[in-house]
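Inspection log for the structure reproduced underneath, given as structure tokens.
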4 protein chains.
Amino acid sequence: MKLNSSANGVFPIAPTPFFDDGKIDTASIDRLGDFYVSCGVTGLTVLGQMGEAPKLTHAESVAITAQFIKRTPNRPVVVGVTSPGFASMRALAQEVMDLGAAGVMIAPPNTLRTDEQIISYYQQASKAIGENIPIVLQDYPLSFSVQITPRVIRTLVNEIPAIQMVKHEDWPGLEKITALRSFEADGSMRHLAILCGNGGLFLDFEMSRGADGSNTGYCFPDMLCDVVRLKKIGQHDEAQDLFDAHLPLLRYEQQPGTGMAVRKYVLFRRGLLSSDAQRAPGGKLNTIATKEVDYLLLRLSKKDPRAKIT
Amino acid sequence: MKLNSSANGVFPIAPTPFFDDGKIDTASIDRLGDFYVSCGVTGLTVLGQMGEAPKLTHAESVAITAQFIKRTPNRPVVVGVTSPGFASMRALAQEVMDLGAAGVMIAPPNTLRTDEQIISYYQQASKAIGENIPIVLQDYPLSFSVQITPRVIRTLVNEIPAIQMVKHEDWPGLEKITALRSFEADGSMRHLAILCGNGGLFLDFEMSRGADGSNTGYCFPDMLCDVVRLKKIGQHDEAQDLFDAHLPLLRYEQQPGTGMAVRKYVLFRRGLLSSDAQRAPGGKLNTIATKEVDYLLLRLSKKDPRAKIT
Amino acid sequence: MKLNSSANGVFPIAPTPFFDDGKIDTASIDRLGDFYVSCGVTGLTVLGQMGEAPKLTHAESVAITAQFIKRTPNRPVVVGVTSPGFASMRALAQEVMDLGAAGVMIAPPNTLRTDEQIISYYQQASKAIGENIPIVLQDYPLSFSVQITPRVIRTLVNEIPAIQMVKHEDWPGLEKITALRSFEADGSMRHLAILCGNGGLFLDFEMSRGADGSNTGYCFPDMLCDVVRLKKIGQHDEAQDLFDAHLPLLRYEQQPGTGMAVRKYVLFRRGLLSSDAQRAPGGKLNTIATKEVDYLLLRLSKKDPRAKIT
Amino acid sequence: MKLNSSANGVFPIAPTPFFDDGKIDTASIDRLGDFYVSCGVTGLTVLGQMGEAPKLTHAESVAITAQFIKRTPNRPVVVGVTSPGFASMRALAQEVMDLGAAGVMIAPPNTLRTDEQIISYYQQASKAIGENIPIVLQDYPLSFSVQITPRVIRTLVNEIPAIQMVKHEDWPGLEKITALRSFEADGSMRHLAILCGNGGLFLDFEMSRGADGSNTGYCFPDMLCDVVRLKKIGQHDEAQDLFDAHLPLLRYEQQPGTGMAVRKYVLFRRGLLSSDAQRAPGGKLNTIATKEVDYLLLRLSKKDPRAKIT
């Protein structure tokens, strides 16, 4: 089942579960997989930033991917293969595709500046891994310092057949969605799946602007599934009510670095992870931050029973 | 009335009002000044980024400052004097202090990297403008790409007597407030006023962590005043309720670039500005974005009557 | 005498002479002006980085420009007007053009990333200062972190009539010259004067690639004039011999920051400046560096008598 | 034979030889190894930027290292293990140490900004790979955008026992050598081997300032050995004569990107490589650049017979 540009719905970004000693917690991988399926996700992304990909050996990366693929049957699994060089990118990409991955996600190296450099990079990457492997373009300027304009995305999509989807997390990014959809409307660009990251902070309006869904690691993927569903059937006020209820917590997660710890902590509190441990150099929430998150969860539980954690 | 480290409460960042043809709208300056006073602000910051400072000539900068100072008696007015060189920084700083400004705000040039460069820069700046002029340190890494650790702030505060306040807008920044307050507690740093910017996105917890107030341009400074007041008297739930009600709009304002247009648009809708015009290269909200803001205002008006705009 | 795209030869970047107390040394301005004329320069650039432009008040900038213009009759004087905002850029540009400047030089703000941002910036700048004012595009990625590809330069030249010349200091930059000349050859771009900066480090091959001359502050502009002349008449070996003789010193000048102090020191030793002082935060060469430069000057004097300093 | 802080002399940065089809050319590795030994190098660095490290798979990296170690007996071989994550860094480091490597070189990730971030990163890296593995700190701000002040290097050296050597390629960097040696003189820092990279552009004065040798990939490592030797025995003029003769070519190599192609081309011309091929995205010199290098080689051959290539 290869990824194509009809992808939509919610592809949560899966964390990599660790025990406190840094070992991989495979039981939690299974629990997460089951949970995602029960939420109604349409796919899954593993080995992204939230998956702590750079902290894994090649063998670990492959094993984690294999387990998620097995545990979420009939859901396309996208695998982050971002790497400083094409040799290791190709090695991982080909191995996970053989295991049944649906496609790979590639972020631009943060040394790219000009439009030509960006286009050239993705052309080379697609050739290097094999042009038959579907690519998700990760467009996250805040994190990677690479700015990809709508016109450059159009060129990428038109010149690189493998690109099927963008993990849209430009900021501000609403106009970019509108621009990309207008390129499709005027016939200058083929259809591209737009699933939005950026922690979900603008998911409400991203959907209104024409996005196909969500592709982020917010600790309530079940909420993301509901908001995407409600927006698609036109129940905007209901979607907004639910989104707004989560916004204080979702906003708290929008703290670079800290956000990861918040996510793992809430997933741990929800019983999905055995531990909220990260591998070094990451760390757990400290006492004050834990109380702040608990306060937000308590308030949220009055509006969304899923947040009731005992 | 010079600024000192007992500053607290709300210092809104004032926009510079323009007519559609780019001329300065002095009537709106008076209206804004009156409005800020009526909100209960404790001070005011002019010629910040939101004041479109780089688009003003020296003479305009001085005139705008003079008018705001005159219109907000007994409120300390801080003036942004950030400049690529010390000659023009000194010229503006001395002129506005002569007019009655309370202090100046200085952002670091985005070429600074090392701790030593940062410390050296502020030492030179204070000497250049005159060591008797109070300084607000603008700590905004997202915008300026300069990262100032708590320890470097401590060194700056201890070595540069002129520094009285930090416009805290690091992100994530909660731990930084905790760290700075712990330096005061252990006696290694004199007291520093911490007023928080960053659009107000974390004002709720910033106050809990020990901040003295707010120093941002959110389009409802009256809400900021209420939240700061409620937090100071320990009514955390009431503060959070009010804050959460505004969060969907406040979050929408957190779009770099677009945020300025949102602020001017809402202040225009609230009758405070005659126009939401910016000088080039800024622009007004487009039709879709306007509808999105109107939708958020409408929803907000059901929870906070101040948002009811007719 | 307005600058146009037939500009060629050597436009040295003039330093701003200061006394040790930071006051402007007008006698040295006259001496420099006379010296440049005697060297055979074809023009002059003032208020560049080497002119310590950000350390000058507006009034000083205007006075220095006026004096250089007066002292170098019949030589086009280009004036650096780079500024964080268009209001002050326009003010300086219009004032110096009224005084007889030939054009202005504008560097891109270091926040520009995408091709569209760069193009938009120069379009706005030209409109802001007046489209009749000739512009020199300063293309110096190492210093400004803005990368302008040959295609973007072509778009700028074709869409902005005011652009007449590029101060070429990309690095590596030889292929860029070849690309720009090929655009002229294939008719896709009108002629553009290419004068090379980057301290002169590649002047030998830049001339072979099609550059029109030199636009840098190396402390022997007389050498630059000879090399440009020899290259133009095809005496490549003679040009290379002279260039190679200067290369050890010229290379020593290629130390960011330090280079300015070297230039002022050698110009001081050559009797052109009364002092090698810079305004803060710049400084003089320390003792060890002074000895190193003296050693290089001594060795150079055996190959080029102009370096014999008594 | 583990690296320690008495390292000195010349550690050339070895290229990775490829055939035109991208396969690794093991015969050229042997030729290079023999050549380096015959030049009188005291050590060797492999898998640096010049070794095209990111383009290699893990298995290739190990094989190349093993072959160089075997071919250069009694010379310490330093291995670049820079990686986006500690898992793969540790894997490579431990494997090459088991094969007999003398130590590893680690460059800072280009996201580091503050002093504390830099110190913390190297502390974690040393722990991650094993504190008994000697580390060469690569200090190359131009390439990595990380600025490490002398004081921070002192802290690193004092707090991380594994650090034995710095590959010094700050620019400007002469004052940094002087500062580091003064820390040793005043007893505040233990001895650190300083071997200089930066293409050799300042090797003459770096040696005078107290450097222990050269650690760069210039295409005439035999010249580097002679200059280092002459400087150490106080024959400064002779060293400078030889250095100056090479400077036009050495300077030409100082073109980011292009420099790699120049080096491989000259090593190919010298009969050491079978091909000057790079793996994608690198490429060979084009026709014009080839002629420019040939011209410089021809001129050099009149001063240094080693450059006579038939």
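Residue under question is A:ALA63, and the condition is that it be more than 10 Å from chain D (Cβ to nearest Cβ) and open to solvent by less than 20 Å² (accessible area, probe 1.4 Å); does it hold? Considered against the rule, which asks whether it is more than 10 Å from chain D (Cβ to nearest Cβ) and open to solvent by less than 20 Å² (accessible area, probe 1.4 Å), A:ALA63 comes out as no. Exactly one residue out of D:PHE144, D:PHE86 is over 20 Å from the mean Cα position of the chain (by Cα) and aromatic (Phe, Trp, Tyr): that is D:PHE86.
Exactly one residue out of C:SER120, C:SER126, C:SER83 is touching a residue at least 24 places away in the same chain (Cβ under 8 Å) and closer than 29 Å to B:GLN278 by Cβ, and it is C:SER126. Taken over the stretch D:243-281, the criterion of being aromatic (Phe, Trp, Tyr) and either open to solvent by less than 10 Å² (accessible area, probe 1.4 Å) or closer than 15 Å to D:LEU300 by Cβ (or both) is satisfied by D:PHE243, D:TYR252, D:TYR265.
Scanning the stretch B:269-290 for residues that are within 14 Å of chain C (Cβ to nearest Cβ) and either in contact with a Phe, Trp or Tyr (Cβ under 7 Å, 6 or more places away or on another chain) or touching a residue at least 60 places away in the same chain (Cβ under 8 Å) (or both) returns B:GLN278, B:ARG279, B:ALA280, B:GLY282. Among the residues of the stretch B:142-155, those identified as more than 24 Å from B:GLY43 (Cβ to Cβ) and open to solvent by less than 20 Å² (accessible area, probe 1.4 Å) are B:VAL146, B:THR149, B:VAL152.
Annotation: of all residues in the stretch C:39-60 being in contact (Cβ under 8 Å) with a residue 40 or more places away in the chain and small (Gly, Ala, Ser), the one that is nearest to C:VAL262 (Cα to Cα) is C:GLY48. Note on the stretch B:232-258: residues that are at pLDDT below 95 and in a helix (DSSP H, G or I) amount to 1. Checking the stated criteria, A:LEU201 turns out to be in contact (Cβ under 8 Å) with a residue 12 or more places away in the chain, over 14 Å from A:GLY43 (Cα atoms) and within 14 Å of another protein chain (Cβ to nearest Cβ). Every condition in (1) within 20 Å of C:ILE118 (Cα to Cα); (2) modelled with pLDDT of 95 or more is met by C:PHE144 except one, and the failing one is (2). Candidates in the stretch D:127-141 are the residues that are within 12 Å of another protein chain (Cβ to nearest Cβ) and open to solvent by less than 50 Å² (accessible area, probe 1.4 Å); of these, the one that is nearest to D:PHE11 (Cα to Cα) is D:PRO141.
Taken over the stretch B:62-83, the residue count meeting the criterion of being in contact with a helix residue (DSSP H, G or I) (Cβ under 6 Å, 6 or more places away or on another chain) and polar (S, T, N, Q) is 4. Among the residues of the stretch A:25-54, those identified as within 14 Å of another protein chain (Cβ to nearest Cβ) and open to solvent by 40 Å² or more (accessible area, probe 1.4 Å) are A:GLN49, A:PRO54.
Scanning the stretch C:172-190 turns up at least one residue that is assigned to a loop (DSSP other than H, G, I, E, B), crowded, with 22+ Cβ neighbours inside 10 Å, within 14 Å of chain D (Cβ to nearest Cβ) and not polar (S, T, N, Q).
Please verify whether the stretch D:219-231 includes one or more residues that are open to solvent by 10 Å² or more (accessible area, probe 1.4 Å), of a type outside the set (D, E, K, R), in contact with a His (Cβ under 8 Å, 6 or more places away or on another chain) and part of a helix (DSSP H, G or I).
yes
Checked against (1) β-branched (Val, Ile, Thr); (2) within 23 Å of B:GLY282 (Cβ to Cβ); (3) assigned to a loop (DSSP other than H, G, I, E, B), B:THR42 meets all criteria but (2).
Quick one: is D:ILE153 out of contact with any Phe, Trp or Tyr (no Cβ under 7 Å at 6 or more places or on another chain) and assigned to a helix (DSSP H, G or I)? Yes: the conditions hold for D:ILE153. Of all residues in the stretch C:66-89, exactly one satisfies the criterion of being open to solvent by 50 Å² or more (accessible area, probe 1.4 Å), within 14 Å of chain B (Cβ to nearest Cβ) and at pLDDT 95 or above, namely C:THR82.
Confirm whether B:ALA93 is closer than 25 Å to B:ALA7 by Cα and in contact with a helix residue (DSSP H, G or I) (Cβ under 9 Å, 6 or more places away or on another chain). Considered against the rule, which asks whether it is closer than 25 Å to B:ALA7 by Cα and in contact with a helix residue (DSSP H, G or I) (Cβ under 9 Å, 6 or more places away or on another chain), B:ALA93 comes out as yes. Looking across the stretch D:98-124, the residues that are more than 10 Å from every other protein chain (Cβ to nearest Cβ), open to solvent by 10 Å² or more (accessible area, probe 1.4 Å) and in a loop (DSSP other than H, G, I, E, B) come down to D:LEU99, D:GLY100.
So if I check each of B:VAL293, B:VAL266, which one is β-branched (Val, Ile, Thr), farther than 19 Å from B:SER28 by Cβ and either in contact with a helix residue (DSSP H, G or I) (Cβ under 7 Å, 6 or more places away or on another chain) or touching a residue at least 12 places away in the same chain (Cβ under 8 Å) (or both)? Step by step, each of B:VAL293, B:VAL266 is checked, and only B:VAL293 is β-branched (Val, Ile, Thr), farther than 19 Å from B:SER28 by Cβ and either in contact with a helix residue (DSSP H, G or I) (Cβ under 7 Å, 6 or more places away or on another chain) or touching a residue at least 12 places away in the same chain (Cβ under 8 Å) (or both).
Checking each residue in the stretch B:144-156 for being within 12 Å of another protein chain (Cβ to nearest Cβ) and out of contact with any Pro (no Cβ under 8 Å at 6 or more places or on another chain) picks out B:SER145, B:THR149, B:PRO150, B:ARG151, B:VAL152, B:ILE153, B:THR155.
The values are calculated or read from the model by the stated rules, or taken from the named source; none is laboratory data. A quick note: this is a predicted structure, and the numbers were derived from the prediction, not measured. In this analysis, Cβ positions are derived from the backbone assuming ideal geometry, glycine residues included, and neighbour counts consider all displayed protein chains. Quick note on the areas: whole protein, heavy atoms, side chains included, nothing else; ligands and nucleic acids left out. Shrake-Rupley method; radii C 1.70, N 1.55, O 1.52, S 1.80 Å.
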